[in-house]
1. Just to be sure, is residue A:10 closer than 30 Å to residue B:65 by Cα and either out of contact with any Lys or Arg (no Cβ under 6 Å at 6 or more places or on another chain) or at pLDDT below 90 (or both)?
2. Look at residue B:48 and say whether it is touching a helix residue (DSSP H, G or I) at 6+ places or on another chain (Cβ under 9 Å), more than 10 Å from chain A (Cβ to nearest Cβ) and of a type in the set (Asp, Glu).
3. Filter the range A:80-108 for residues that are among the aliphatic types (A, V, I, L, M), within 16 Å of residue A:64 (Cα to Cα) and free of Cβ contacts under 8 Å to residues at least 60 places away in the same chain and give the result.
4. Report, by residue number, each residue of the range A:14-45 that is assigned to a helix (DSSP H, G or I), open to solvent by 20 Å² or more (accessible area, probe 1.4 Å) and in contact (Cβ under 8 Å) with a residue 40 or more places away in the chain.
5. Going by what's in this entry, would residue A:61 be described as open to solvent by less than 50 Å² (accessible area, probe 1.4 Å) and either at the interface with chain B (Cβ under 7 Å from one of its Cβ atoms) or aromatic (Phe, Trp, Tyr) (or both)?
6. Condition (residue is touching a helix residue (DSSP H, G or I) at 6+ places or on another chain (Cβ under 8 Å), surrounded by fewer than 20 Cβ atoms within 10 Å (Cβ to Cβ) and within 11 Å of chain A (Cβ to nearest Cβ)) applied to the range B:126-137: is it met by at least one residue?
7. Please state which of the following conditions residue A:70 fails to meet, knowing it meets all the rest: (1) more than 7 Å from chain B (Cβ to nearest Cβ); (2) small (Gly, Ala, Ser); (3) closer than 30 Å to residue B:63 by Cβ.
8. So which residues in the range B:20-42 are modelled with pLDDT under 95 and under 19 Å from the mean Cα position of the chain (by Cα), if there are any at all?
Amino acid sequence: MINFSLPPLPEEEVDARLADMERLGNRDYKEIGVPMFLVAEDLTEGARPRSGGDGSGRILALLLAEGAEALRTRRPDLDAEDIARLIEALADRHFLSLAAPSFSRATELHPETAS
Amino acid sequence: MDAEALVRAFAGGPPIRAVNFHNTPVHRAEEYDRQLGALAERFGPVTEDDLAAFLATGRWTRSRPGVVIALYNGYRNNFDVMRPLLERHGLVGWFFVASGYVGCPVAEQLAFGAAHTLATIPDEYPDGRYALSWDEVRELDRAGARDREPHADAYAGLGGGCRGAGGGDRGLAAGLPARARPSGAGLRVAHGLSLRGESGGRRAGGPGGVRGPVLELPGAAAAGAEAGGLTRAQTLY
């Protein structure tokens with residue numbers, strides 16, 4: 001099995017992400033639309049696992065893991081608000097892009113195929 | 001959930017996408033119009049049945065990912081501004097209505113809002129009514145029930161604290177059919193991030209130890225639903 005891991009984020013990038021989280025947190029929430037990624041929590045232990053989809057869940061999982069590790073270098077004891085702000089930043093950055101169809105399935109890019 | 005649990009949860013399948021709104025004043029109507037247009041290009045609407053099926057089966061069967069357009073608290077400007085925009089773009093709005101707010105007499109709504117951290121837009125409505133009326137809630141309900149597609153699903157919570165209102169009981173008395181109620185077990189949809197942003201402000205770590213809000217659905221309801229102390233028992237109409 002290949003065991004691989006990504007190198008840690010450069011310090012400048014951690015700073016930039018923290019600054020972005022701070023920027024997002026200072027918005028006037030009462031009038032704006034805030035994108036969110038939601039996950040289902042199984043309280044019955046009987047629910048069927050989610051399946052299928054476009055892989056966006058695993059991408060988000062990787063991004064969240066990377067972000068949490070980076071954030072822990074500055075705040076070793078992450079609390080609920082830290083995690084919430086991290087996911088807020090992920091949603092702000094990736095909400096639209098993760099919904100884009102794959103290149104070959106984007107009909108506007110392949111009008112002949114679509115027709 | 002801690003970070004590790006959330007990572008595992010995200011890895012388990014496609015996420016549910018939501019865009020959360022609170023007040024939607026008319027001076028931002030063009031902005032909302034553009035945002036809903038961009039969302040409608042990429043996502044499809046999510047009805048109550050769609051989400052219940054997803055939670056029950058783990059599968060999203062529509063060709064495009066869905067987006068939940070959530071409108072919190074029962075603001076009148078949600079009806080006046082967002083409802084027509086949702087219809088224009090073919091998206092479903094989920095109206096999470098604080099029924100104690102809706103049931104509050106007009107003269108007391110500003111005070112009720114201030115007491116429950118319900119932000120209002122100063123002088124937005126000269127007549128002083130900032131919450132949905134029950135007639136508007138009924139209209140949203142009819143729109144949602146008519147075709148279960150674009151229009152609205154309305155969500156009402158029981159909220160106390162208004163001297164002159166019957167709160168959620170009044171909503172029930174208004175003849176609104178209950179489509180979902182809290183129960184003791186089921187799936188809970190934790191807003192991974194709504195620890196902040198609820199009721200228009202920072203709530204995480206605030207008074208009462210606010211947790212992420214909980215969305216309850218038929219057959220997938222949760223115990224202990226609480227959204228910022230505003231709503232305790234919640235009912236989906």
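The values are calculated or read from the model by the stated rules, or taken from the named source; none is laboratory data. These numbers were taken from a predicted model, which means no experiment stands behind them. Every residue, glycine as well, gets a Cβ built from its backbone with ideal geometry; the counts of neighbours run over all protein chains shown. Side chains included, ligands, DNA and RNA excluded: accessible areas come from the protein's heavy atoms. Shrake-Rupley method; radii C 1.70, N 1.55, O 1.52, S 1.80 Å.
1. Numbers: closer than 30 Å to residue B:65 by Cα: no; either out of contact with any Lys or Arg (no Cβ under 6 Å at 6 or more places or on another chain) or at pLDDT below 90 (or both): yes.
No: the conditions fail for residue A:10.
2. On the way: touching a helix residue (DSSP H, G or I) at 6+ places or on another chain (Cβ under 9 Å): yes; more than 10 Å from chain A (Cβ to nearest Cβ): yes; of a type in the set (Asp, Glu): yes.
Yes, satisfied.
3. A:80, A:83, A:84, A:87, A:90, A:91, A:98
4. Filtering the range A:14-45 for residues assigned to a helix (DSSP H, G or I) gives A:14-25, A:29-31.
Then keep just the ones that are open to solvent by 20 Å² or more (accessible area, probe 1.4 Å); that gives A:15-20, A:22-23, A:30.
Of everything in the range A:14-45, those that are assigned to a helix (DSSP H, G or I), open to solvent by 20 Å² or more (accessible area, probe 1.4 Å) and in contact (Cβ under 8 Å) with a residue 40 or more places away in the chain turn out to be A:17, A:18, A:20.
5. Criteria met by residue A:61.
6. The answer is no; no qualifying residue exists.
7. (3)
8. Hits for the range B:20-42: nothing passes.
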